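Engineer: Structure provided below as structure tokens; questions to follow.
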Amino acid sequence: MKLEEIIEFIDEKIPESLALDSDEVGFKKDYDLSQEIATIKIYMDLLLEDDKSYENTLIITHHPPAFIPKTPTYTIHSNWDIFNGGANDALAKTLNLEVIDYFDIPTRIGRVCRSNQKFGELKKTILENFTGARIVNNLNDEKIIKDVGIISGFGLKNPEYITLAKNRNLDILISGDLTHQTAILAKNLKITLIDLNHHESEVPGLHAIKNLLKELNVNIEIIDRKPIEQLK
């Protein structure tokens, strides 16, 4: 299948036009769109060591590469976060939560979800699917959770999102990138935060990309390499 056909398919499904104005999506350089593609490799982050001039290969990344790749490399970033069925909806599905609204309505970043389950049940789902989750303002396992905010990736480093979650009367905000500053803010506002870490909160979205691209007649693989190793 030609690269041009694949890119047309992707942009029809996940338009670049959905991305935030400041975001880098699509290609960083011009590639030969007439070349045949037999394999798609999906990465969260592309490192220099990954760029090996693969033949007949398209690389898809979620985060924009910090260099100009030799292998055709296409980035699906904030447009995937915003897209209905994208990264945030994949995270909600993993957490067994029902999406009912956008979290940040003007940008459509994040989701508000309905839970109606005990906190202990939600905690069990998190522990089964994510390693090293952290919490601010722990809750009693018997407490019924009604409304949960989720933001795949970066949400917990943004103080404005913590305040927005409180203003929207959410029981919990789940995301990644918790900082000392936002933890203290959450303590003062008395809202519960759960940090899945940036990488793990976005992994469900990689699998959703693969499922979306299954219509294409090419081999698709996910290369999921955690950027930070645990000290043992």
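We did not get these values from a lab; they are worked out from the coordinates using the rules stated. Please read these numbers as outputs of a predicted model, since none were measured by experiment. All Cβ positions, even for glycine, are placed from backbone atoms using ideal geometry, and neighbour counts span all protein chains on display.
Engineer: Using only the alpha carbon atoms of the chain, find the Kirkwood hydrodynamic radius as the inverse mean reciprocal pair distance, in angstroms to one decimal.
Structural biologist: Computed over the chain, the radius equals 18.5 Å.
Engineer: Excluding T73 itself, what net charge comes from residues whose Cβ is under 10 Å from its Cβ, given Lys and Arg +1 and Asp and Glu -1?
Structural biologist: Net of charged neighbours comes to +2.
Engineer: Oh, and also: Assign one of three labels to region 84-196, namely rounded, prolate or oblate, based on the Cα gyration tensor with a ≥ b ≥ c the square roots of its eigenvalues; rounded applies when a/c is under 1.5, prolate when it is not and a/b is larger than b/c, and oblate otherwise.
Structural biologist: rounded
Engineer: Please check: in the Gaussian network model of the chain (C-alpha springs, under 10 Å), which one of D30, D50, D147 has the largest mean-square fluctuation.
Structural biologist: Result for the chain, Cα springs under 10 Å: D30 fluctuates most.
Engineer: If you put +1 on each Lys and Arg Cβ and -1 on each Asp and Glu Cβ, how big is the dipole of the chain around its Cα centre, in Debye rounded to 20? Don't skip to the end; give the middle numbers.
Structural biologist: Values: 27 positive and 37 negative charges, 241 e Å.
It comes to approximately 1160 debye.
Engineer: Let me ask another. Could you list the GluC sites (Glu not before Pro) in region 194-232 that lie in coil according to DSSP, counting only those with at most 14 other Cβ atoms within 10 Å of their Cβ? Numbers along the way, then the final one.
Structural biologist: Details: sites: E200, E202, E215, E221, E229; in loops: E229.
Passing both the DSSP loop test and the Cβ count: E229.
Engineer: Write out the GluC sites (Glu not before Pro) in region 1-88 meeting two conditions: DSSP loop, and at most 15 other Cβ atoms within 10 Å of their Cβ. It would help to have the intermediate numbers written out before the result.
Structural biologist: On the way: sites: E4, E5, E8, E12, E16, E24, E36, E49, E55; in loops: E24, E55.
Sites meeting the loop and neighbour criteria: E24, E55.
Engineer: Select from region 85-171 those GluC sites (Glu not before Pro) which occupy a DSSP coil region and have at most 16 other Cβ atoms within 10 Å, ordered by residue number. Write out the running numbers ahead of the final one.
Structural biologist: Values: sites: E98, E121, E128, E142, E160; in loops: E142.
In loop regions of region 85-171 (DSSP not H, G, I, E or B), the sparsely surrounded GluC sites (Glu not before Pro) are E142.
Engineer: Only Cα pairs within less than 10 Å get springs; with that Gaussian network setup on the chain, which residue of I105, I222, I191 has the largest fluctuation?
Structural biologist: Of I105, I222, I191, the most mobile in the Gaussian network model is I105.
Engineer: In the chain, if the dipole is taken from +1 on Lys/Arg beta carbons and -1 on Asp/Glu beta carbons about the Cα centre, which of L170, P69, I82 is farthest to the positive end?
Structural biologist: L170
Engineer: Something else: Neighbouring Cβ atoms within 10 Å as the yardstick, rank I14, I150 fewest first. Spell out each step's value before the answer.
Structural biologist: On the way: I14 21, I150 27.
Fewest-to-most Cβ neighbours within 10 Å comes out as I14, I150.
Engineer: Which of the lysines could a cross-linker bridge to K166, judged by Cα under 27 Å and excluding same-chain residues fewer than eight apart?
Structural biologist: List returned: K93, K118, K123, K124, K143, K146, K157, K187, K190.
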